[in-house]
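Engineer: First the structure, then my questions, so here it is.
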Amino acid sequence: MLLRTARRSRKGQGILEVMVGLLVLVPLALAMLDLAAIVLANQANDEIAKRAARAAASQSTRSSASTAVSQLKDSIKPTGMIKSVDELAVVDFATSGTQEVRVRSKISLALPVPIPFVHNSANLKFAAEAVEPIVGIEAEAI
């Protein structure tokens with residue numbers, strides 16, 4: 001009889017240890033999933049800004065650069081965790097001096113697991129800027 005009670009308490013202890021371990025490991029795994037989503041969204045936003053800056057840099061005027069960036073924005077389809085591309089615009093188009101174009105992008109991200117007790121954690125926003133030299137301007141004659 002005493003042997004049977006000892007086996008039951010060991011089984012109960014094992015179940016309790018598993019439950020306590022899961023209580024720590026599950027939130028940790030979910031936090032890692034959110035962190036991975038944040039890193040991937042930030043990389044995607046940087047890539048969007050770089051692509052837009054390259055598209056704008058191949059144009060010769062600010063208006064044609066803005067049109068190229070606008071067409072790129074229309075071609076981007078929100079997928080997965082990226083809810084929307086909120087802004088994709090030419091910030092600066094310097095044809096004299098540095099001859100570079102600066103583009104800003106902003107995206108909205110939906111986290112796979114919203115962080116509890118954090119206001120608006122399900123809807124994060126990321127911003128990025130990219131600068132490229134303008135290559136669409138013809139060289140001046142010497």
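The values are calculated or read from the model by the stated rules, or taken from the named source; none is laboratory data. Model, not experiment: these values are computed from the prediction. Positions of Cβ are generated from backbone atoms using ideal geometry, with glycine treated the same way; all protein chains shown enter the neighbour counts.
Engineer: Conditions: (1) surrounded by 12 or more Cβ atoms within 10 Å (Cβ to Cβ); (2) modelled with pLDDT of 90 or more; (3) not aromatic (Phe, Trp, Tyr). Ala31 meets all but one. Number of the miss?
Structural biologist: (2)
Engineer: Turning to a different aspect of this structure: Which residues, taken from the stretch 62-71, are farther than 15 Å from Phe93 by Cβ and either surrounded by 15 or more Cβ atoms within 10 Å (Cβ to Cβ) or in contact with a Gly (Cβ under 9 Å, 6 or more places away or on another chain) (or both)?
Structural biologist: Filtering the stretch 62-71 down to residues farther than 15 Å from Phe93 by Cβ leaves 71.
None - no residue of the stretch 62-71 is farther than 15 Å from Phe93 by Cβ and either surrounded by 15 or more Cβ atoms within 10 Å (Cβ to Cβ) or in contact with a Gly (Cβ under 9 Å, 6 or more places away or on another chain) (or both), so the list stays empty.
Engineer: When the stretch 51-61 is examined, which residues are found to be free of Cβ contacts under 8 Å to residues at least 60 places away in the same chain and crowded, with 18+ Cβ neighbours inside 10 Å?
Structural biologist: The initial filter retains those residues of the stretch 51-61 that are free of Cβ contacts under 8 Å to residues at least 60 places away in the same chain, namely 51, 55, 61.
Result: Arg51, Ala55.
Engineer: Same structure again: All but one of (1) farther than 16 Å from Ala130 by Cα; (2) in contact with a Pro (Cβ under 9 Å, 6 or more places away or on another chain); (3) free of Cβ contacts under 8 Å to residues at least 60 places away in the same chain hold for Val101; state the number of the condition that does not hold.
Structural biologist: (1)
Engineer: Report the residue count in the stretch 77-112 for those that are over 28 Å from Ser63 (Cα atoms) and loosely packed, with under 15 Cβ neighbours inside 10 Å.
Structural biologist: Number of matching residues: 3.
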